[in-house]
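Asker: Let me begin by handing over the structure; questions about it come next.
Every number in this text was worked out from the coordinates using simple rules, so none of it is lab data. These numbers come from a predicted model, not from an experiment. So basically every Cβ, Gly included, is an ideal-geometry build from the backbone, and we count neighbours across all protein chains shown.
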Amino acid sequence: MIPTNAALALDVDLLARELGNWRTSSRSGPAYRGLADAIRLLIIDGRLPVGARLPSERALADALRVSRTTITAAYLQLRDDGYLRGRRGARSTTALPVPPEAAGGSPPAPSVSLAAAALAAPAPAVMTAFAQAADEVAPYLQGMGHELVGTLALRQAIAERYSRRGLYTEPDEVMVTTGALHAIGLILTTFIQPGDRVLVEQPTYHGALSAITTAGARPVPVPMTEDGWDLDALAAAVHQLAPNLAYLIPDNHNPTGHTLAPDGRKRLAHIISETRTRTVIDETMTDIWLDRPVPEPLAAALTSRRDLILTVGSMSKSFWGGLRIGWIRAERNTIATLAALRPSVDMGTAILEQITAAKLLGQSDTLLPERREMLRARRAFLRSLLKQELPDWQPVPGAGGLSLWVRLPAPMSTALSAAALRVGLELPAGPRFGVDGTLERFVRIPYALPEQQLGDAVNLLARAWRSVTGSAAPDPTTVVV
């Protein structure tokens, strides 16, 4: 999200940077349409705050090196679509369209969404766990229900999982949070000041990027290769920039699906300890391995300064996002520091959900293999659809996770996202997963939906791509090998 001043006036240089390679949209129409689409997607994604004043037409024209006529036409299009308020000649403010019930002419909501990479719940198991939790909640009703670090039963279950994976953990080295994003936000609130640098992979989880910028920090990207991590580049960035914090996803990386190998983990652990860089390791996707199990937790590779690593986990991807249960695994002193600050943020996580989560963790060996098998089938189905409908697209060969990270034949991700929305498909543009408007050559396509919905989504995706590029549909009689 772009920082604003007290008057919510957007900085023109930062806006130009966020817009990235918006000109690619003009391949399928006028330049102003491509610019309007790019600004609209920034508003929809939350990277431009609603109610902020856009730069003047003259200032943005100078920053983007286009004619003022192009800016004027783009702003006018955004006003007509409901994404700007104001009048020509005055500074317009960003907005969201009036809901359909208040204005019958507003565009309908998307019929299919590829915005979220998350599975539905294993309903019978979750319902049974909730019923058991309701039977066991009575002892907690005698107290206030404020568990700043979490219930002992859940912390024991989480600690046992880490110990089985090779990182010996005690319950007092675990704090339960209200989801992984809450855990990340709590860590940022505790250890980061406005203006601090936070090193991130590029691409990375867009929710973490939003949390970092909301905290007033500056995400510093280190590009990943299509094969995974460039640890030389990461080491150089840490030495040169001295970030105050790093945020990394070494297991079934979101969105690429890559997992850092054991040798790479040792190298990364050495970089962390050598540079004394406090690092958040996001293990939200750890259970979602599809081709091979993940190695031991990265914290297990540290031989010293284990206080530098805070490992974040969650029930959301493995079991069900509706539980809103996450956690932080860290050294005791770090947990104590987080617990001391937490009352200024919230008073703990819901008790009933914690008991339910502990029950589900006890069934991991039964539930997770079934969910992995389902995801393998859906991933294969999605790959076959893309090969048939969009044969020029190249999925990155990740080994796990919930989505494919796909290279497009041309840097037109923002244009594609806008075109998809017009045909009823919600698809975040590639730049949403990076910093400074880059990643126009990529798009993330989750395969968590049932096959029927995946088929509908790819059909709409192909329609949107043809509208952007002007290309024809593949010949159905052609066999793709």
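Asker: How much of the DSSP beta bridge set in the chain is antiparallel, as a percent to the nearest 5?
Answerer: Rounded to the nearest five, the antiparallel share is 50 percent.
Asker: Give the cross-link partners of LYS359 among the aspartates and glutamates, using a straight C-alpha distance below 15 Å as the criterion and excluding same-chain residues fewer than 8 apart.
Answerer: By straight Cα distance, LYS359 reaches ASP135, GLU136, GLU160.
Asker: Continuing with the same structure: Give the average over all directions of the projected area of the C-alpha convex hull of region 137-276, one decimal, in nm².
Answerer: 10.0 nm²
Asker: Please express the Cα-Cα pair-distance distribution P(r) of region 249-385 as a list of whole percents, one per 10 Å bin, running from 0 to the bin with the greatest distance.
Answerer: 11, 34, 34, 18, 3, 0
Asker: Counting helices only, and only those DSSP H runs with n ≥ 4, report the 222 nm mean residue ellipticity of the chain as the sum of -39,500 (n - 2.57) divided by its residues, in deg cm²/dmol to the nearest 500.
Answerer: The helix-only estimate for the chain comes to -12500 deg cm²/dmol at 222 nm.
Asker: Using the alpha-carbon atoms, what tilt in degrees (0 to 90, nearest 10) does helix 231-241 show relative to the longest principal axis of the chain?
Answerer: 80 degrees
Asker: Go through VAL222, LEU188, THR303 and say which Cα lies farthest out towards the positive end of the charge dipole of the chain; charges sit on Cβ, +1 for Lys and Arg, -1 for Asp and Glu.
Answerer: VAL222
Asker: Calculate how steeply helix 332-341 sits against the longest principal axis of the alpha-carbon atoms of the chain, using the helix alpha-carbon long axis, and give the answer as 0 to 90 degrees to the nearest 10.
Answerer: Compared with the principal axis, the helix lies near 60 degrees.
Asker: Based on Cβ point charges of +1 for Lys and Arg and -1 for Asp and Glu, what charge dipole magnitude is obtained for the chain about its Cα centre, in debye rounded to the nearest 20?
Answerer: Dipole magnitude for the chain comes out near 1220 debye.
Asker: Next question. Residue-wise, which Karplus ³J(HN,Hα) couplings in Hz belong to region 16-23, taking 6.51 cos²θ - 1.76 cosθ + 1.60, θ = phi - 60°, and x for glycine or proline?
Answerer: 4, 5, 5, 5, x, 8, 5, 5
Asker: Another question, then. Setting aside same-chain residues fewer than 8 positions from LYS387, which aspartates and glutamates have a Cα under 16 Å from its Cα?
Answerer: Output for LYS387: GLU451, ASP456, ASP475.
Asker: Additional query: So I have (1) 20.5; (2) 29.8; (3) 24.3, and one of them is mean projected area of the Cα convex hull in nm² calculated from this model. Which one is it?
Answerer: (3)
Asker: Something else now. Which lysines have a Cα less than 29 Å from the Cα of LYS266, not counting those fewer than 8 places away in the same chain?
Answerer: LYS317
Asker: Using a simple spin-label model with points 7 Å from Cα along the Cα→Cβ vector, what separation in nm is obtained for ALA410 and MET374?
Answerer: Taking the simple label geometry, ALA410 and MET374 are separated by 3.9 nm.
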